[in-house]
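The values are calculated or read from the model by the stated rules, or taken from the named source; none is laboratory data. The model shown is predicted, which means the values in this text are computed figures rather than measured ones. All Cβ positions, glycine included, derive from the backbone under ideal geometry; neighbour counts span all protein chains shown.
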Amino acid sequence: MNSTVLQAENRVHTTKTGWPSGWWMAAILFLVLAGAAALTVDAPVSRWVFENGWERASEKFSWFRRKLTFLWPGHFLCTILIAVGVGLYSRAGGKGAALILLSGAVTASNGILKWLTGRARPSDGQPTFDFHPFAGGIKGLFVQKNLALPSGDVALATATACALCYLIPRWSIAWWAMAIGVAFQRVTQNSHHVSDCLAGAALGVVAFHLARVACRLSRTAMDSALNPSIDATNLPAPSARDREVIAQPAASGPAPYLSVVIPCYNEEEVVPELLSRLESSLAVLNRPFEVVLIDDGSTDATPRLLAEGMARLPWLRVFRMAKNGGQSAAFEAGFEAARGQVIATIDADLQNDPEEIPRLLPMLEEHGVDMITGWRKDRQDTKFRKWQSRQANRIRNWISQETVNDSASSLKLYKAYAIKGLRLFNGAHRFFPTLVKMRGYKVLETPVKHSHRFAGTAKYGFGNRALRAFIDLIGIRWMKSRYLRYLATEVRPEAVEVKQGESVATAN
């Protein structure tokens, strides 16, 4: 099979700057898109809507909407009803309701922004850039019938959608469809330009983020509310980093040569077969190994099956996440716990074959690389899933300036120093080859076998990863341009010469 070596820069010690918040990145993205829309599509879209009768057709729908104001997501009455429903029927309770109401209240600042920009609503023959700041004087701050930027309806719908995605993530597609529907109606009614709606979306994202901070609704508190099996009072106190792996004292004997790190979430149908195949495939190494399996807050029989496996398999180590943190959190916990010189990763669903690990292991030395990333060249997935993966990799490579065919494949091998100490963010597992190369290490990409999922269901799909992955990608591109890279060598005392009262340091 053909392999491609991804050359990195000379290896040096590095440090990192912090990652920007995903919510702020989303707001910035919406603002950038709003600026692009104002320059390109606002005028033609407004003209097309007017010329093709969409405005008149939308007016009929608008009459119906006005009759059912309390059910329209762009109005605060609907937001109140949603908040009441969340407060009564969601496990988030009053805090969830407060989050939705406060998010909506913050979007009321759109009135001030409209007054400051004074942009007129679109109409036939009017210029796109028709701005009159402070229109109408002080009275105009309260009477804004013909002001458009940003769209208040879209801001409110977006803030509500963000809050609902945070509280009830399984229906994320429905919540975003609601916000998109509001934006579509405002454009087709010619009440707002496309850029007005995008600016409104940016305001909605910021409003949600500020409301979440004000409500002090952390993800830990949310997970405790949504998963009663997690008793927050019994959780270990977090470290100063708010990330901690509590491991049992190491058994006597040498550290293993290989550590296999596997995130696992609700895979009760797969666990017995996974452990069996790991045992048979890793035994051929004739070198000490361990399997570090991270139970990412499973709610099915997975914890029991893993406990049974530990009773008979001395090489199996199981770490239980206090809450479901996602693949990136599970990988980071596994990397920190791993004791091997080489770390391998696979998914628990057995679409990555454990038998590939012994085949790939010698390639680290043969090719002189620090990481091997698998390329699922012949993917055993649906046509739609393969199509979306191809498009995602193309966009990822274009923006991040990479040439990786399959960055999201979980079948990877690392020399431990290449991955240990790398502090991750939610979604970082999609960018491991790039992150390792940013540290100055060399990566090899090679085709690997990919199998059909024989049991269970996929935990990640297009709906719950597309927008977030794109925002993360923008952050990766930014980090590549801002990454700190330096080499500092300590000067030995005997290498310092003192001449005429001055200190001169010479490096050996």
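A search for C-beta distances below 8 Å between a residue of the stretch 481-494 that is surrounded by 10 or more Cβ atoms within 10 Å (Cβ to Cβ) and any residue that is modelled with pLDDT of 70 or more, counting only pairs 6+ apart in sequence or on different chains, returns TYR483/MET438; ARG485/GLY440.
Return a yes/no flag: does the stretch 157-179 have any residue that is closer than 27 Å to SER46 by Cβ, outside any loop (DSSP other than H, G, I, E, B) and out of contact with any Gly (no Cβ under 9 Å at 6 or more places or on another chain). Checking the stretch 157-179: at least one residue is closer than 27 Å to SER46 by Cβ, outside any loop (DSSP other than H, G, I, E, B) and out of contact with any Gly (no Cβ under 9 Å at 6 or more places or on another chain).
If we scan the stretch 204-216, do we find a residue that is modelled with pLDDT under 80 and in the same structural domain as ILE80 (by TED's automatic domain parsing)? For the stretch 204-216, residues modelled with pLDDT under 80 and in the same structural domain as ILE80 (by TED's automatic domain parsing): present.
Of all the listed residues (ALA283, ALA322, ALA329, ALA301), the sole one being in the same structural domain as LYS415 (by TED's automatic domain parsing) and surrounded by 21 or more Cβ atoms within 10 Å (Cβ to Cβ) is ALA329. In the stretch 127-150, the residues that are closer than 24 Å to ASP42 by Cα and in the same structural domain as ASP196 (by TED's automatic domain parsing) reach residues that are in a helix (DSSP H, G or I) and modelled with pLDDT under 75 with C-beta atoms within less than 8 angstrom, at least six apart or across chains, in these pairs: PHE134/GLY140; LEU147/GLY140. Would you call ILE112 assigned to a helix (DSSP H, G or I), under 30 Å from ALA43 (Cβ atoms) and not polar (S, T, N, Q)? Taking the combined requirement at face value, the residue satisfies it. Taking the stretch 400-411 as the range and being at pLDDT 70 or above and surrounded by 14 or more Cβ atoms within 10 Å (Cβ to Cβ) as the test, the residues that pass are GLU402, VAL404, ASN405, ASP406, SER407, ALA408, SER409, SER410, LEU411. Taking the options CYS165, CYS197, name whichever one is closer than 18 Å to LEU29 by Cβ and under 19 Å from the mean Cα position of the chain (by Cα). Only one candidate qualifies: CYS165.
When each of THR117, THR158 is tested for being modelled with pLDDT of 85 or more, closer than 26 Å to HIS209 by Cα, polar (S, T, N, Q) and buried (at least 21 other Cβ atoms within 10 Å of the Cβ), the lone residue that passes is THR158. Applying the criterion of being of a type in the set (D, E, K, R) and at pLDDT below 90 to the residues of the stretch 354-383, the residue that is surrounded by the most Cβ atoms within 10 Å (Cβ to Cβ) is ARG376. Of all the criteria given as (1) in contact with a Pro (Cβ under 9 Å, 6 or more places away or on another chain); (2) surrounded by fewer than 23 Cβ atoms within 10 Å (Cβ to Cβ); (3) farther than 13 Å from LEU413 by Cα, the one not satisfied by ALA337 is (1).
Screening ILE138 on (1) over 19 Å from MET178 (Cβ atoms); (2) out of contact with any Cys (no Cβ under 6 Å at 6 or more places or on another chain); (3) aliphatic (A, V, I, L, M); (4) surrounded by 14 or more Cβ atoms within 10 Å (Cβ to Cβ) shows it passes everything except condition (4). Pairs meeting the criteria (first residue in the stretch 304-318 and assigned by TED's automatic domain parsing to the domain that holds GLU290, second residue assigned to a helix (DSSP H, G or I), beta carbons under 6 Å, at least 6 apart or on different chains) are LEU305/VAL271; GLY309/LEU275; LEU316/GLY309; LEU316/MET310; VAL318/LEU306; VAL318/MET310.
Among the residues here, ALA92 qualifies as modelled with pLDDT under 75 and within 32 Å of the chain's Cα centre (by Cα).
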